[in-house]
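Heads up, the thing below is written out as structure tokens.
Read-outs: derived from the displayed coordinates by stated rules, not from any lab. Just so it is clear, the model here is predicted, and its values are computed rather than measured.
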Amino acid sequence: MIYDDFAIYGESLFETVLVKKGHIWRWSDHFDRLNKSCQDNGFLELDHDQIVAKLRSVIRIDHDYLVRVTVVRIGGRWSEQPAGQRVDVRARPYKIGASRVTCQLSGPLANEDPFRQLKSGSRLAYQLGLSQARKQGFDEALFYDQMGRLLETSTSNCAFLLEGRWLTPPIELGLLPGIYRKWLIELGHLLPGVVTLQDLARVEAMALFNSVRGWLPVDRLGKFKFVSDKSTLFGQHLPVQELQSIF
């Protein structure tokens with residue numbers, strides 16, 4: 001297995017979802033994003049019913065779980081096995097984390113890298129950035145590109161309160177098209193907009209968000225500290241209206 005293509009080259013795609021009492025927030029969006037990534041990058045089309053069956057097999061309906069669905073390329077060039085594809089579903093009990101976080105800047109990353117729009121196993125730059133940030137006492141790493149444009153963290157999209165508007169970096173910079181990000185934009189809470197390193201001195205508040213942890217205010221980004229009461233625009237928990245049952 002260590003010589004399979006997914007282990008050597010990072011050829012894998014994944015989704016991480018929060019399962020609450022047998023329900024997933026916007027599950028169809030998560031599946032569609034993973035399936036499209038597979039079809040766009042040479043993997044086989046996914047079987048929705050097969051994945052749901054795997055989900056049901058690893059959870060109990062009366063508990064909350066963090067679940068990762070991973071599509072991996074097995075076999076290959078350095079393996080003794082023929083090339084193929086496997087879908088793996090892993091679950092662990094979900095524990096609510098901190099309600100506020102700190103970040104450190106990390107970069108620069110390449111400009112407009114399209115592979116950042118994938119949730120893939122090719123994440124070395126993100127893992128190294130996160131590791132370095134945590135060694136410095138921060139919770140997360142916020143990445144920027146060669147033009148000084150702020151991008152995202154290792155696990156979340158981000159937003160900045162600037163001149164009275166919440167801006168989130170546009171996906172055209174090479175960012176993950178987050179499910180929670182899309183929902184916030186649909187509701188008019190966020191606007192896509194470029195925010196640079198030079199803008200940080202004027203940023204009033206900052207937050208991270210994803211469809212597992214919801215909206216997380218950021219207290220500090222490196223040397224920049226933010227006004228805490230301006231970061232709590234949304235609740236940390238995901239809305240219940242769009243929870244979809246997998247049972």
| remark: The rounded separation in angstrom of the Cα centers of the range 49-107 and the range 138-192 is 23
| task | Compute the acute angle (0 to 90°) between the alpha-carbon long axis of helix 124-135 and the principal axis of greatest extent of the alpha-carbon atoms of the chain; round to the nearest 10°. | result | 50
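Tell me, what is the percent relative contact order of the range 5-93, built from C-alpha pairs under 8 Å that lie six or more residues apart? Before the final figure, lay out the partial values.
Values: 135 pairs, mean separation 32.1, N = 89.
Computed value for the range 5-93: 36 percent relative contact order.
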| request: Any chance you could list P(r) for the range 101-230, counting all Cα-Cα pairs in 10 angstrom bins from zero, rounded to whole %? | output: 13, 49, 35, 3
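Please work out how much length the chain gains when fully extended from residue 113 to residue 47, using 0.36 nm per residue of separation minus the C-alpha to C-alpha distance, in nm with one decimal. Working shown, then result.
Details: separation 66, 0.36 × 66 = 23.76 nm, distance 2.89 nm.
Residue separation times 0.36 nm, minus the Cα-Cα distance, leaves 20.9 nm.
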| task | With runs of 4+ DSSP H residues as the only contributors, calculate the mean residue ellipticity of the chain at 222 nm using -39,500 (n - 2.57) per run, divided by the residue total and rounded to the nearest 500. | result | -6000 deg cm²/dmol
| task | Enter the mean projected area of the convex hull around the alpha-carbon atoms of the range 67-154, in nm², rounded to one decimal. | result | 8.1
| said: Need the list of lysines near residue 95 for cross-linking: C-alpha distance under 28 angstrom, and skip anything on the same chain fewer than eight residues off. | reply: 20, 21, 54, 119, 135, 182, 225, 230
| query | Within the P(r) computed for the range 1-100, what percentage of the Cα pairs occupies the region above 19 Å? | reply | 47
| said: Report D for the chain in µm² per second (integer): Stokes-Einstein, Kirkwood Rh on Cα pairs, 25 °C, 0.890 mPa s. | reply: 129
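Want the number for residue 245 to residue 83: 0.36 nm per residue separation, take away the alpha-carbon distance, what's left? Walk me through the numbers before you get to the answer.
On the way: separation 162, 0.36 × 162 = 58.32 nm, distance 3.41 nm.
Answer, rounded to one decimal: 54.9 nm.
Expressed in nm², what is the orientationally averaged projection area of the convex hull enclosing the Cα positions of the range 10-57?
On the way: hull surface 14.7 nm².
Average projection, Cα convex hull of the range 10-57: 3.7 nm².
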